[in-house]
Amino acid sequence: GLDQLTTTSNWNPNNKFFRYLYDRAYYTIPQASNLIKILKSTTVAVPNKENHIAELRFLRALAYYYVIDCFGKGVITTEDDINTSTPKKESTRKELFEFVESELKDIEGTITATKSYGKADKHVVRMLLAKLYLNAEVYSGTPRYDDALTYTKKVIDEGGYTIAPKFVSVFSGDNDTSPEIIYT
């Protein structure tokens, strides 16, 4: 099956790797939305509740980023759509871009700035914003290179990331200690 991934000829909608990516994104989106809804509605005290919600919103935005980048259009659903049976209209790439941008900008001030293995933080959110803005001209029709630079600088200047002294360490089993990995 690697030929379907590694060759650039004869790609079509039946490519299993595209199907896996699409299925994973649209599995992650409702799962995150469902957990957001549960956390928002629970009366039980949940430590760091707002940060957990922000992290779930990041994971959902990341899944939508993949939809924007790889498929160009898709359906936007949130926790407000849980338990509804009315089909939603397909959103354009620009609408998806605007949704992801608004989600990321909204959680940037809420999510923790503390790096923790396997968890999203403020710098991960900012890096995804930088990537979103880097391709904004394709996604939305409007170039946003200055915004990409702004958010990249925030990651570099405020995130405390540096190049690892040994390149191979980035790929080792304990790469959570790497000074250059933004999202382990």
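The values are calculated or read from the model by the stated rules, or taken from the named source; none is laboratory data. Fair warning: this is a prediction, and the values are worked out from it, not measured in the lab. Neighbour counts are summed over all protein chains in view; Cβ atoms, including those assigned to glycine, are modelled from backbone coordinates with ideal geometry. What goes into the accessible areas is simple: the full protein's heavy atoms, side chains included, and nothing from ligands, DNA or RNA. Shrake-Rupley method; radii C 1.70, N 1.55, O 1.52, S 1.80 Å.
Yes or no, residue by residue, for (1) touching a Ser or Thr at 6+ places or on another chain (Cβ under 7 Å); (2) in a loop (DSSP other than H, G, I, E, B); (3) modelled with pLDDT of 95 or more; (4) of a type in the set (F, W, Y):
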{"residue": "K37", "(1), (2), (3), (4)": "no, no, yes, no"}
{"residue": "I53", "(1), (2), (3), (4)": "no, no, yes, no"}
{"residue": "F58", "(1), (2), (3), (4)": "no, no, yes, yes"}
{"residue": "A63", "(1), (2), (3), (4)": "yes, no, yes, no"}
{"residue": "Y66", "(1), (2), (3), (4)": "no, no, yes, yes"}
{"residue": "T77", "(1), (2), (3), (4)": "yes, yes, yes, no"}
{"residue": "T86", "(1), (2), (3), (4)": "no, yes, no, no"}
{"residue": "L96", "(1), (2), (3), (4)": "no, no, yes, no"}
{"residue": "V100", "(1), (2), (3), (4)": "no, no, yes, no"}
Q.
I'm trying to understand the selection: among the residues of region 6-37, which are open to solvent by less than 90 Å² (accessible area, probe 1.4 Å) and among the hydrophobic types (A, V, I, L, M, F, W, C)?
A. F17, F18, L21, A25, I29, A32, L35, I36
Q | Pairs with Cβ under 7 Å, 6+ apart, first in region 67-94 and touching a residue at least 40 places away in the same chain (Cβ under 8 Å) and surrounded by 14 or more Cβ atoms within 10 Å (Cβ to Cβ), second of a type in the set (F, W, Y) and part of a helix (DSSP H, G or I) | A | I68/F97; I68/Y139; F71/Y22; R93/Y139; K94/Y139
Q) Scanning for something open to solvent by 50 Å² or more (accessible area, probe 1.4 Å), modelled with pLDDT of 95 or more, of a type outside the set (A, V, I, L, M, F, W, C) and assigned to a loop (DSSP other than H, G, I, E, B), does region 156-169 turn up at least one residue? A) no
Q: Would you mind telling me which numbered condition in (1) at pLDDT 95 or above; (2) in a helix (DSSP H, G or I); (3) among the β-branched types (V, I, T) T142 fails?
A: (2)
